[in-house]
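Asks: Would you mind keeping the following structure in view while I ask a few things?
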Amino acid sequence: MKMKAQAATILIVVLVGLAGWQPSHAQQDQIGIAVGATPEAIEIEDLEGSLVDLGDYIGEKPLLVEFWATWCPRCEALMPQIEAVRAAHGEAVEFLIVAVAVNQSLRRVRRHVENHTMPGRVLWDADGRAVRAFMAPTTSYVVVLDAEGTVVYTGVGEDQDIEAAVKKALGP
């Protein structure tokens, strides 16, 4: 249990330390999980506490996953782009918003979701399993997978081209 607490503390320090970091456009596809990889199918919770198997989403249709926090200004700035892409592509792409358990509580996330429309299903990564599976370096980190479950894009920050990333996943 002590090691789990130490690992969580290290994860918090890394995520908070990287919160202001912004990669160049050339680095966008080189952070976190590798393009061409398939993330591990793990379980995290929904906002009601039920387990959700991310494997149920991987390989079904294109999938966009954003690592998000209520306190993240870059996440907020990125939200209109994600909403526009969801409106443009409807049910052809699945959208998951993974609320990280860094400097926010499940109660705070629930309150935010009650007051704001979110462009996808919001999940709660209580112990960092999704952060580790996707190698998320910070919030506003986006991973896009194609219909086979292969990572086709990773990026971080508010200057991402989400439309181009999703088009890459949808293919020709």
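Asks: How about region 121-172: which of its residues are β-branched (Val, Ile, Thr) and within 20 Å of GLN81 (Cα to Cα)?
Replies: The first filter runs over region 121-172 and keeps only residues β-branched (Val, Ile, Thr), leaving 122, 131, 138-139, 142-144, 150-152, 154, 156, 162, 166.
Passing the criteria: VAL122, THR138, THR139, VAL142, VAL143, VAL144, VAL151, VAL152, THR154, VAL156, ILE162, VAL166.
Asks: While we're here: Go through (1) within 13 Å of the chain's Cα centre (by Cα); (2) at pLDDT below 95 and name the single condition GLU91 misses.
Replies: (1)
Asks: State all residues of region 150-172 that are part of a helix (DSSP H, G or I) and charged (D, E, K, R); if no residue qualifies, say none.
Replies: GLU163, LYS167, LYS168 - these are the residues of region 150-172 that are part of a helix (DSSP H, G or I) and charged (D, E, K, R).
Asks: Test each condition in (1) open to solvent by less than 20 Å² (accessible area, probe 1.4 Å); (2) charged (D, E, K, R); (3) under 16 Å from ASP161 (Cα atoms) for ASP46 and report the one that comes out false.
Replies: Among (1) open to solvent by less than 20 Å² (accessible area, probe 1.4 Å); (2) charged (D, E, K, R); (3) under 16 Å from ASP161 (Cα atoms), ASP46 violates only (3).
The values are calculated or read from the model by the stated rules, or taken from the named source; none is laboratory data. This one's a predicted model, so the numbers in the text were calculated from it and none came from an experiment. Ligands, DNA and RNA are excluded from the accessible area calculation, which covers all protein heavy atoms including side chains. Shrake-Rupley method; radii C 1.70, N 1.55, O 1.52, S 1.80 Å.
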